[in-house]
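Each reported figure results from applying straightforward, stated rules to the coordinates on display, with no laboratory input. It should be emphasised that the depicted structure is a prediction, and the values quoted were computed from it without experimental measurement. Cβ sites come from the backbone with ideal geometry, for glycine too, and all protein chains shown count toward neighbours.
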Amino acid sequence: MSRKFRKLFAKVFSEMRWYTIVLALTFYALSTWLLLWFAGEKELTQSSDFIYWLVVTGSTVGYGDFSPSTDAGKYLVAFYIIPMGLSIFALVLGRIAAWVSDQWQKGARGLKDLDVDEHILVLGWNGHRTLRLLKLLLRERASVEGNPTIVLCVRAEITNPMPDDIEFVKVGTFSNDIDMDRACVAAAKVILMDNPEDDLTMTTALYCSQRNPHAQMVAYFNDESLVPLLQKHCPNIECTPSVAVEMLAKAAFDPGSSLLHHDLLDVDEGNAQYSVTLPPGTPSVKVAQLFIALKRDYRATLIGVARAQDRLKIQVNPDLHEEVFAEDKIFYIADDRIRNFDWHALAGETYV
């Protein structure tokens with residue numbers, strides 16, 4: 001009988017739930033109060049002091065401002081209140097520690113539901129390439145306002161590769177509403193799609209375009225023949241094909257071209273490429289004026305313009321006589337992202 005009782009007791013405590021702990025605490029407090037009352041400890045059973053004394057005594061803190069005055073009360077404290085209090089105290093701390101650890105593990109494994117918006121959502125896992133992408137996003141985020149949250153959403157069996165810097169979600173598929181709602185896909189500001197398989201990127205892009213048509217979306221394809229097919233159905237998605245072959249061919253006739261492209265994309269060193277949109281209400285300005293002002297006042301070089309009506313079509317090296325209007329986007333090369341454009345300062349040929 002004793003062995004069966006010990007097994008049952010061990011099972012109950014090993015599978016202890018919060019409601020069981022609350023019941024144990026309630027039983028401990030009530031039984032202690034009754035035993036102290038029967039022992040004649042009138043001072044300790046006062047409602048205003050009992051809970052305070054029980055906590056400091058049961059946890060062995062023992063301030064000494066209250067103590068039993070009868071022999072029965074002293075034996076009761078020594079053989080029941082302190083041992084039982086320590087057991088329950090340790091049990092509560094253990095459960096709290098286990099809960100905190102479980103919440104952390106859920107976050108690391110991507111099992112928690114997120115509550116974010118206006119975030120950057122990265123869909124897919126490509127090993128070191130995705131790690132490099134995340135590092136670049138973190139570095140670029142430091143140069144823009146708002147400090148958007150970066151969320152990595154994967155199907156791969158991995159844990160959060162950057163638990164201190166990004167949020168992480170593990171899903172079964174990129175086209176299931178329940179799964180993707182955990183990553184807040186409908187509230188994302190930017191969605192980047194990069195998967196090892198192009199067909200998965202295609203289905204993911206179609207799904208995201210339907211769930212969040214207003215987000216800025218970029219999809220990477222190894223096979224550029226799929227780009228026209230996706231843009232036919234989703235013209236709002238910016239498609240990025242692999243340009244490794246083109247860079248090799250260019251470098252064969254123009255040595256250093258591959259290094260130049262690398263420097264333009266590298267935010268760690270060199271002159272990187274950035275973009276900015278002219279605010280609403282900005283007067284029109286000729287490319288020649290804008291080019292001179294950027295170079296003279298900001299040490300930046302204008303390289304392209306994307307019109308407001310078609311942001312996915314970029315006019316590289318525009319003619320000097322052309323004009324740039326409000327809500328057009330300009331692309332430029334500079335040491336760092338320029339934050340303090342003065343769009344209404346016009347003096348001579350300077351207009352920025």
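Database remark: amide H of Ile303 closer than 5 angstrom to the amide H of Phe331, Tyr332, Ile333 (H placed geometrically; neighbours at sequence offset of 5 or more, or on other chains; Pro and chain starts carry no H).
Could you tell me whether the stretch 104-162 comes out rounded, prolate or oblate from its Cα gyration tensor? Rule is a ≥ b ≥ c as square roots of the eigenvalues, rounded for a/c under 1.5, then prolate if a/b exceeds b/c, otherwise oblate. Don't skip to the answer; put the middle values down first.
Details: a/c = 2.15, a/b = 1.27, b/c = 1.69.
Because a/c hits 1.5 or more and a/b fails to exceed b/c, the stretch 104-162 counts as oblate.
The spacing between the stretch 49-70 and the stretch 127-146, judged by their C-alpha centroids, is 55 Å. The charge dipole of the stretch 103-216, taken about its Cα centre with unit charges on the Cβ atoms of Lys, Arg (+1), Asp and Glu (-1) only, comes to about 280 debye.
Pairs to check: Lys170/Lys313; Lys135/Lys170; Lys135/Lys329; Lys232/Lys286. Give those whose C-alpha atoms are more than 23 Å from each other in this structure. It would help to have the intermediate numbers written out before the result.
Numbers: Lys170/Lys313 34 Å; Lys135/Lys170 20 Å; Lys135/Lys329 25 Å; Lys232/Lys286 33 Å.
Pairs exceeding the cut-off: Lys170/Lys313; Lys135/Lys329; Lys232/Lys286.
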